[in-house]
Amino acid sequence: MKTKYFISWWNLENLFDIRESTNRENWLSNALAKELKGWTDSVLQQKINQLCSVIRQMNENKGPDLLGVCEVENKPVIERLLNGLSPLGRDYGIVHHDMSDKRGIDVAFIYDKTSFIAEESFSHIILKRTATRDLFQVNFRTLKKKNPLIVIGNHWPARSAGVLESEPYRILAAETLSYWIQRIAEIRGNDTPVIVMGDFNDEPFNRSVTDYALASGAATNVIYARNARLFNLMWPLSGKAAGTFYFNNYPMMIDQFMVTKALIKSNGKIRIAEDESGYLVKIEHFSEMISKGRYPNSLSFGRPAKKSTFNPDGYSDHFPISMVIEE
């Protein structure tokens, strides 16, 4: 009997702590002063309530077994998020690392401790003149069969400075990721299962992903490649003009799952689960999250400091994505 695990990723859109938080360093309080105007404890709690209402619906109302998140400020806000997930009755743990991003937003993982053991974690620094978000690697092991599973969370530099102007920074992130994928293969073996997930701020066909992260939608090329490559699970969805984020009303597939060949080989100890339509990978489109207008973008929560976009009935400007693996 195979054991299945429901894996999710979600950009939570600026899940900041409150301005008066004792968990924030002075430099960050100064940097965020204008941005967090009006961001009170009650606003934060409303944001958490909205996020939790979606997370609790995942996996047929059982919640995810493993959830990667980004745009979280610190561990205390993740702990508040877990409080909102308590109706699920799960024993969730947190793996988090304070990064050097200039806005103080991090990548973290929430995992069910009855499914996974978190053995160790690493923060892979991206060498750049100004501070940027690290890649966050956690080495898990399944509790039932003791199989290793490595996950790497990503939040690559944004496009706000311009697509071409900012592209070199995403290429730096992609090169860093590719280096560590190769090192994992060299140290732990070519058949080590690795799931790469994140907000890449580029799509599956952009060259940062294809030429530098070495991610492809062709399974055979990944399985038989001489060097360590990644299989990008989002190609089929991208081909359907689906998106996890809308920019100027255009869907963009910038949140993605990529895996090493161990997860797509027929004899892999841990594999991506399939049904008659293909791999079990999807964008989580809960109806309450979707804009009622012409374009089905995700309802953003925003921030009170920008009143024109603040919506306390919103969630995030990204849709979550999910996949199922089995051992």
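The values are calculated or read from the model by the stated rules, or taken from the named source; none is laboratory data. Everything numeric in this text was worked out from a predicted model, so none of it was measured. So basically every Cβ, Gly included, is an ideal-geometry build from the backbone, and we count neighbours across all protein chains shown. Only protein heavy atoms, including side chains, enter the accessible area calculation; ligands, DNA and RNA are left aside. Shrake-Rupley method; radii C 1.70, N 1.55, O 1.52, S 1.80 Å.
Between residue 190 and residue 219, the modelled label-to-label distance comes to 1.9 nm, taking each label 7 Å out from Cα in the direction of the beta carbon. Neighbours of residue 218 by Cβ distance under 14 Å: Lys/Arg scored +1, Asp/Glu scored -1, total +2.
Rounded, prolate or oblate, given the Cα gyration tensor of the stretch 143-184, with a/c below 1.5 counting as rounded? Taking the square roots of the gyration eigenvalues as a ≥ b ≥ c, the stretch 143-184 is oblate. Taking N as the residue count of the chain, its C-alpha radius of gyration divided by 2.2 N^0.38 Å amounts to 0.94.
Applied to the stretch 186-191, the Karplus parametrisation 6.51 cos²θ - 1.76 cosθ + 1.60 on θ = phi - 60° returns per-residue 3J(HN,Hα) values of 5, 7, 10, x, 5, 9 Hz, with x for Gly and Pro. For the stretch 225-327, the convex hull drawn through the C-alpha positions has a volume of 151 cubic angstrom per residue. Of 262, 213, 305, which is the most mobile in a GNM of the chain whose springs link Cα atoms less than 10 angstrom apart? Comparing 262, 213, 305 in a Gaussian network model of the chain, the most mobile one is 305. Over all other residues within a Cβ to Cβ distance under 15 Å of residue 310, the charged ones net out to +2, with Lys and Arg as +1 and Asp and Glu as -1.
Each residue of the stretch 300-305 was assigned a 3J(HN,Hα) from its phi angle through the Karplus expression (A = 6.51, B = -1.76, C = 1.60, θ = phi - 60°), giving 6, 7, x, 9, x, 4 Hz with x at Gly and Pro. In this structure the chain gives 45 Å² per residue of accessible area when probed at 1.4 Å with all protein chains present.
Once you list every other residue whose beta carbon is under 12 Å from the beta carbon of residue 49, what net charge do they have if Lys and Arg are +1 and Asp and Glu are -1?
It works out to a net charge of +2.
Of the solvent-accessible surface of the chain, computed with a 1.4 Å probe and all protein chains present, 50% belongs to carbon and sulfur. GNM on the chain, alpha-carbon springs under 10 angstrom: the most fluctuating residue among 231, 122, 200 is 122.
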